[in-house]
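Read the figures in this text as sums done on the coordinates, not as results from a lab. If you're wondering where the values come from, they're calculated on a predicted model, not measured in any experiment. Cβ placement follows ideal geometry from the backbone for every residue including glycine, while neighbour counts extend to all protein chains displayed.
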Amino acid sequence: MRYAVVIEKADDNYSAYVPDLPGCVATGATIADVEAEIREAIRFHIDGLRADGEAIPEPTSIAEYVEA
């Protein structure tokens, strides 16, 4: 599955979250770090849902850049 991920710049690092997987978050010192961490967080989150017998949410969020 392919999930949309939002990456935000914080004061000293980056954070990421997955809108379709509430509670699935990660942080990293660089964008590359946070991308690697959120991939692992998604796998861990989905494994946890499976272990608990819960449904895996379908990806529904869409991310786009809009000129203003």
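Quick notes on this structure:
- Note on the chain: with charges restricted to the Cβ of Lys and Arg (+1) and Asp and Glu (-1), its dipole about the Cα centre is near 200 debye.
- Note on the chain: with a GNM built from Cα contacts shorter than 10 Å, the maximum mean-square fluctuation among ALA16, ALA55, ALA26 falls on ALA55.
- Alpha carbon Rg of the chain, scaled by the compact-globule rule 2.2 N^0.38 Å: 1.18
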